[in-house]
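**Student:** My questions will all concern the structure given below.
The values are calculated or read from the model by the stated rules, or taken from the named source; none is laboratory data. If you're wondering where the values come from, they're calculated on a predicted model, not measured in any experiment. No Cβ is skipped: glycine too gets one built from the backbone with ideal geometry, and neighbour counts run over all protein chains shown. Side chains are part of the model used for accessible areas, which takes the heavy atoms of the whole protein and leaves out ligands, DNA and RNA. Shrake-Rupley method; radii C 1.70, N 1.55, O 1.52, S 1.80 Å.
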Amino acid sequence: MRPSPEVDLDSSATTPVSERVFSAMTPWFRERYANPGSPSAAGERAKEAVGVARTSLSEFLGCEPREIVFTSGGTESNQTAIRSALRTRPERRTILVSAVEHSSILGLSSDLEREGVRMVTIPVGEDGRVDPSEVARLVDRETALVAVIWVNNETGTINPVREISGIAHEAGALFLTDAVAACGKVPVDLREVPADFLSLSAHKFYGPKGIGALFVRKGEDFRPLIPGSQERKRRGGTENVPGIVGLGEAALESREFLREGPARLALLRARLEAGVLGLGRGIRRNGSADESHRAPHIANLSFPGTPGEKILLSLGREGIAVSMGSACSSGSMEPSHVLLAMGLSREEAMSSLRFSLGRETESGDIDRTVAALARILTQDEQRRVS
Ligand code: PMP
């Protein structure tokens, strides 16, 4: 089976399971299928495998194995952290979240409101970054939790999570960072960033879908979203052994990739941006211009006058996948909330595309994409004139 698409510049939506991860997972589906909760030798073996994966992931994050709770992915991890914070700090009825959080956080606002909890948004600058002084202005003794995404999944902008974490703690609030788009792309070290909660998802870094983790800082009071005996009573349900093993292996593989991979991706991204911006036509880059505030794999570009959807479909016909905003909200054809929060108009946001590079991206893919864009934009101009 040929992988589709031929050129995948949508790796922020998801990534394929790597060969190494796939091989590590395979025995746990059929040969070693025991329930880790079973008091048998086979059960013990499965339990041990879960423990090994937990250790691999903890080394990847710079935390302790017991600070990790395996979940079904980023969405569950984010919502677990929020629900736990609201239950352990019942006297505080506000949560502060950045305007550029993922929909798995922002989408909770109406439910929370009905429950008497206010979700206050922290604005971002034109570069899509959260300014810590804005957090300091908004946080108070009513705030149970502050949530700021580590790397934004639409623009690649890196937030000053370490500083924001400190500000949240000064006000007695907890701090959650969604590191789904950060893991495997930028160094994530919980010894440097004193977050209370961190969310991640395996399928964004060459692990399988439907498995992720929530880091819960040791000593922090915690209430499970799904009670049960597994995960030291922090997340009920029979462990997804193949998924957990896959996540552990993906963490090991990512540690290796982080040595040289990001620099290679940044070069490819620069090549893409130079090529596309070189097409003129008022094409603009969205997000921070400061390299130190950018993850290496994402370029978000506006094509004034041409609907992003049209470009996306044309690229798709040429075997090139890109996206408009996050995959979770595409299909709804609403402008990206992230770009709107950065001050783009609806029209500008609708004419923007995200290009996200992955480990398999090569310079030929970039050149092919730039050439295709040149053709598509020229054809669009000609159609408009005639
Ligand atoms: N946060 C971010 C930043 C994401 O990009 C995603 C996935 N689109 C999620 C959370 C949700 O993760 P999952 O797909 O594992 O539920």
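**Student:** Within the stretch 191-292, which strands (runs of 3 or more DSSP E) (wholly inside it) include 3 or more residues that are under 22 Å from ARG354 (Cβ atoms) and either touching a Gly at 6+ places or on another chain (Cβ under 9 Å) or polar (S, T, N, Q) (or both)?
**Tutor:** Numbers: elements: 197-201, 212-216, 284-286.
Once the strands (runs of 3 or more DSSP E) in the stretch 191-292 are filtered for at least 3 residues that are under 22 Å from ARG354 (Cβ atoms) and either touching a Gly at 6+ places or on another chain (Cβ under 9 Å) or polar (S, T, N, Q) (or both), what remains is 197-201.
**Student:** Do any helices (runs of 4 or more DSSP H) lying entirely in the stretch 303-351 carry at least 2 residues that are open to solvent by less than 30 Å² (accessible area, probe 1.4 Å) and at pLDDT 95 or above, and which ones are they?
**Tutor:** So the answer is 308-317, 337-341.
**Student:** Which condition does ALA374 not pass, out of (1) closer than 27 Å to TYR206 by Cβ; (2) outside any strand (DSSP E or B), if it passes all the others?
**Tutor:** In the conditions (1) closer than 27 Å to TYR206 by Cβ; (2) outside any strand (DSSP E or B), ALA374 misses (1) alone.
**Student:** Mind checking which residues of the stretch 172-187 are open to solvent by 10 Å² or more (accessible area, probe 1.4 Å) and either assigned to a strand (DSSP E or B) or touching a helix residue (DSSP H, G or I) at 6+ places or on another chain (Cβ under 9 Å) (or both)?
**Tutor:** To start, the set of residues in the stretch 172-187 that are open to solvent by 10 Å² or more (accessible area, probe 1.4 Å) comprises 172, 180-181, 185-187.
Result: VAL180, ALA181, LYS185, VAL186, PRO187.
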